[in-house]
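Just so it is clear, none of the values below were taken in a lab; they were calculated from the coordinates. Given the structure is predicted, the values throughout are model-derived calculations rather than measurements. As a convention, Cβ positions derive from the backbone with ideal geometry for all residues, glycine included, and neighbour counts pool all protein chains shown.
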Amino acid sequence: MTIIKTVFAGIVGTLGLGTAALAQDFPAKPVTIIVPFSAGGGTDITTRTLAGPMAEALGGEIVVKNTDGAGGTIGTAETARAKPDGYTIGMMPVGPMTTQPHLRELPYSPDSFDYICQAYSAPSSLVVRQDSQFQTLEEMLAYAKENPGELNYGVQAVGSIPHVAGLGLASASGAEFTFIPYKGSAPTFKAMLDGSIDMFVAHISFLTQNSDQVRSLAMLTSERVSTAEDLPTAADQGVPMNFPIWGGIVAPKGIPAEAKAALEKACEEGMNSEAFQARMAELRMPIAFMGGDEFQAFVQSEFEKNDKLLTEAGIKK
Amino acid sequence: MELFSLGLEHVLTLPALVSIIVGTILGVAVGVLPGLGSVVGITMILPFTFSMGQIPALALMLGVYCGSVYGGSISAIVINTPGTPQAAATALDGYPMAQRGEADLAIGWATMASTIGGLFSVVVLIIAAPQLAAFSLNFTSIEYFALGVFALICIANVSRGAMSKGLLAGAIGLFLATVGVDHVTGDMRFTFGSFEMTAGISLIPAIVGLFALSEVFIRASESTRVKAVIAHKVGFRLPPLSAWKPRLWLLLKSCTIGSFIGTLPGTGAATSSFIAYSEAKRSAPNRDKLGTGEPDGIVAAESANNAVTGSAMVPTLALGIPGDPVTAVMLGSFIVHGLAPGPRLFTEHLDLVYAVFLILVAVNLVMFVVGALGAQIFTRALKVPEPLLMTMVVVIALIGAYGVRGNALDLATAFIAGVGGFVLRKAGFPLAPLVIGMVLSQMIENSLRQGLLLTRGSFLAFFERPIALSLFILTALMLAWPIIRWLRDRNREARNDIKNT
């Protein structure tokens with residue numbers, strides 16, 4: 001009897017210690033962040049910039065893995081299918097999360113994830129060449145209405161946020177554009193410089209880096225951007241629009257609560273670190289932290305908004 | 001001159017010099033290993049560059065870039081497996097030379113040609129970067145389409161044996177690249193309901209399978225007893241100066257082709273080496289022997305692909321538009337280091353631009369030394385017992401196939417491509433046209449459809465643009481060239497006959 005009691009007590013004790021140890025021991029091995037785009041791109045660089053300070057806050061190692069392909073959906077699916085133990089998470093951008101699922105059958109939806117944090121949200125901007133004939137959004141829209149379909153609007157990928165933003169602009173203003181899809185942002189930028197297209201939507205760090213070749217016609221944000229107060233928004237010019245290019249950390253649904261809490265805390269601390277903030281300031285990117293619950297609600301609302309726009313434009317399959 | 005010395009000051013520091021040497025060695029190594037190409041190499045070092053100084057980071061990346069484009073030629077020569085897609089044309093003559101026991105000499109040709117190609121393109125970059133960048137903006141989708149069609153002629157020129165088989169292989173290549181997302185409509189094509197297939201068939205796993213794995217299968221299928229023993233020369237042998245003399249014009253032409261293609265974003269070293277090879281087939285001094293182990297082929301392919309390295313920096317630095325995945329990663333790293341490429345770079349940070357020039361010169365010289373020393377080791381691979389060598393090839397090839405984008409489907413792609421490559425080779429199909437098809441397919445299709453959107457559906461408008469029209473005419477002339485030559489020779493003979501009588 002005593003032996004049984006002792007063994008029982010031992011088991012309980014071990015279990016108890018076990019859970020306690022788990023809480024403290026996450027992470028017990030390196031955490032992998034999947035980036036669904038190739039190395040060197042905007043999402044990748046933001047992730048790598050955050051990975052260092054976040055790993056420090058987490059007290060472990062973070063490995064960045066690039067799984068590129070099919071508009072980011074391959075890497076997003078890989079994250080959704082990973083073992084939900086908190087050791088495989090993903091930096092998921094707006095496109096694969098909220099537009100791609102409307103375009104075709106995918107093995108995931110926003111419900112396939114637990115939400116850790118929003119890591120960035122870049123205000124987007126409708127950009128034109130420095131020497132463009134248009135100085136304001138109103139001028140451009142007036143021209144587009146008089147000459148339906150004459151202006152070429154470049155998109156980095158069919159169904160991407162820049163494309164959705166263009167559809168939104170057309171539907172809100174009644175203007176007509178000819179959409180020309182390129183493969184990625186570099187060819188789109190090239191098409192603008194060689195005169196093929198008149199405009200496209202890019203995020204603010206692109207605008208910052210290439211300010212000698214392009215300028216903003218309108219920021220596609222509801223309010224003026226804190227890091228670019230001088231740039232008028234579309235709303236200022238009579239067309240209320242808000243198309244941030246955001247991304248955040250998600251995990252496969254059902255990760256342990258301890259791991260989720262530790263990752264969320266590490267994400268916040270990482271984003272508050274000096275190294276991360278300095279880099280974002282250089283790119284004129286506002287810091288846009290959101291906790292897990294808030295981020296989840298935000299993703300859901302974006303998902304519904306893009307659903308509506310893609311359906312209206314007849315692009316939704 | 002002041003800026004030049006400022007640039008020199010940047011480069012002549014211990015971290016920069018160490019980076020140049022380490023980067024180049026690493027680059028050659030990833031280039032040699034099948035599958036681990038320029039992209040994997042540059043992705044591997046990317047995290048390190050974040051914590052390095054601006055100049056050493058640049059030096060490391062440029063070293064890896066140039067080294068990897070050259071390194072691919074060594075495995076193409078030694079084991080008939082281009083280490084990178086860029087070196088696919090090098091195998092056409094490099095491997096037959098190695099089979100004759102002249103691997104040392106073939107590597108000598110490739111190394112010299114690569115170094116000269118690389119240096120040539122640096123000179124081009126120094127002299128005319130802003131002008132060339134401006135010129136590249138004359139190339140819209142319509143001109144890209146015309147260039148793609150022009151490049152398709154290479155299929156006819158690199159085919160060995162029956163032309164019908166070459167054309168069919170080219171068509172298979174064109175078709176394979178259409179699997180996955182249709183970039184103009186966003187629809188899925190030929191995915192057979194499989195989600196993984198939506199990522200398409202990636203070039204590197206396909207090439208790893210087609211060349212490396214099929215080579216392993218071929219060797220495994222051959223009887224080991226009947227093989228003739230070839231006395232392989234180990235080491236590195238430079239071709240004598242007298243052998244270079246008749247090939248100078250070919251070298252210059254190939255360097256020019258490579259440098260020009262490099263300035264156009266979205267094309268690259270693979271396309272340029274095939275176009276240069278194709279031009280060699282038309283006009284090289286020993287064109288009739290091309291494909292049988294003729295140095296002309298190595299010279300054309302290797303000088304052209306390395307000539308891309310310097311000129312690919314033209315749009316990257318002068319416009320902020322990366323030309324290929326490798327320069328895209330570099331651009332990302334520039335931005336991390338607070339360097340904004342674009343016209344402003346050439347006015348505000350000219351000292352850094354000069355530093356890039358000097359780094360490229362240094363990298364190309366280091367590359368020569370690494371190649372000469374490395375050849376001592378690499379040619380020894382020919383003496384490694386075949387089962388051991390082939391096992392290593394399989395392992396490295398699969399790591400490379402997986403490493404590019406971390407997708408498990410790519411392993412299956414490599415394996416299926418290996419079996420496919422084996423069957424095609426046994427049936428006498430050349431593989432190079434298939435690679436050309438895969439490389440050009442998306443460029444041709446996307447640019448045609450984008451061009452039609454731009455012209456609002458008019459094909460006629462394609463011929464109204466001078467550069468596109470010139471390229472179309474050039475394509476027609478190239479296609480008619482065998483007939484033109486035949487007619488010319490016949491006339492000459494007829495004239496000689498008249499003279500003789």
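Annotations for the structure displayed:
- Taking amide hydrogens as placed 1.01 Å from N in the peptide plane, the amide H of A:A288 sits under 5 Å from those of A:S121, each at least 5 positions away in sequence or on another chain.
- Taking a straight line from the alpha carbon of B:K426, these lysines sit under 16 Å away, with near neighbours fewer than eight places off in the same chain left out: B:K165.
- The range B:108-224: C-alpha gyration tensor shape, a/c 1.5 cut-off, then a/b vs b/c: oblate
- Partner chain coverage, peptide A:34-44 - average Cβ within 10 angstrom: 5
- Neighbour-count ranking [beta-carbon atoms within 10 angstrom, fewest first] of B:C255, A:C117: A:C117, B:C255
- Ignoring lysines fewer than eight residues from A:K183 along the same chain, the ones with Cα atoms less than 30 angstrom from its Cα are A:K65, A:K145, A:K305, A:K308, A:K316, A:K317.
- Computed extension gain for B:A476 through B:R100, at 0.36 nm per residue and net of the alpha carbon distance, reaches 131.6 nm.
- Residue-span extension gain [B:M163 to B:R380] - 0.36 nm each, minus C-alpha spacing: 74.5 nm
- The range A:124-237 - share of DSSP beta bridges that are antiparallel (%, nearest 5): 60
- Beta bridges from DSSP with both residues in chain A: antiparallel share about 60 percent, rounded to the nearest 5.
- Relative to the Cα centre, the charge distribution of chain B, modelled as +1 at Lys and Arg Cβ and -1 at Asp and Glu Cβ, gives a dipole magnitude of about 1480 debye.
- If you plug the beta carbon distance of A:D236 and B:L411 into 1/(1 + (r/R0)^6) with R0 = 60 Å, you get a FRET efficiency near 0.70.
- Leading residue at positive end of dipole, chain B (Cβ point charges), from B:G451, B:T379, B:N491: B:N491
- A Förster distance of 51 Å, applied to the separation of the beta-carbon atoms of A:T178 and B:A427, puts the FRET efficiency at 0.65.
- Ranking of A:W246, B:W481, B:W109, B:W486 by count of other Cβ atoms within 10 Å, fewest first: B:W486, B:W481, A:W246, B:W109
- Based on DSSP H segments of at least four residues, each scored -39500 (n - 2.57), chain A has a per-residue ellipticity at 222 nm of -13500 deg cm²/dmol.
- Cα gyration tensor, the range A:124-237 - rounded (a/c under 1.5), prolate or oblate: rounded
- Between the alpha-carbon centres of the range B:123-148 and the range A:162-232 there is a gap of 24 Å.
- Semi-axes of the equivalent ellipsoid of the range B:2-494 are 31, 29, 25 Å, computed as sqrt(5λ) over the eigenvalues of the C-alpha gyration tensor in descending order.
- Taken along the Cα-to-beta-carbon direction at a fixed 7 Å, the label points for B:T178 and B:F48 span 4.3 nm.
- Rounded if a/c under 1.5, otherwise prolate or oblate - chain A, Cα gyration tensor axes: prolate
- Packing-based ranking of A:211-218, B:259-266 yields B:259-266, A:211-218, ordered from highest to lowest mean Cβ neighbour count within 10 Å.
- Projecting the Cα atoms of B:S38, B:L398, A:L220 onto the dipole axis of the protein assembly as shown, where Lys and Arg carry +1 and Asp and Glu carry -1 at the beta carbon, places B:L398 farthest toward the positive end.
- Backbone geometry of the range B:185-202 corresponds, through the Karplus equation with coefficients 6.51, -1.76 and 1.60 at θ = phi - 60°, to 3J(HN,Hα) couplings of 10, x, 6, 9, 10, 6, 9, 6, x, 8, 5, 4, 5, 5, 6, x, 9, 7 Hz, x marking Gly and Pro.
- Partner chain coverage, peptide B:139-149 - average Cβ within 10 angstrom: 2
- With R₀ fixed at 51 Å, the C-beta to C-beta distance from A:A297 to B:R344 puts the FRET efficiency at about 0.80.
- Under Karplus coefficients 6.51, -1.76 and 1.60, residue-wise ³J(HN,Hα) of the range A:204-213 in Hz, glycine/proline x: 4, 5, 4, 4, 5, 5, 10, 5, 7, 10
- The ranking of B:L8, B:L119 from fewest to most other beta carbons within 10 Å of each one's beta carbon is B:L8, B:L119.
- Label-point gap, in nm, between B:F463 and B:M392 - each point 7 angstrom along Cα→Cβ: 5.6
- Across the protein assembly as shown: Cys residues that no other cysteine approaches within a C-beta distance under 4.7 Å: B:C66, B:C154, B:C255
- Paramagnetic reach from B:L17 (point 7 Å along Cα→Cβ, amide N under 17 Å) across the range B:359-377: B:359-367, B:369-370
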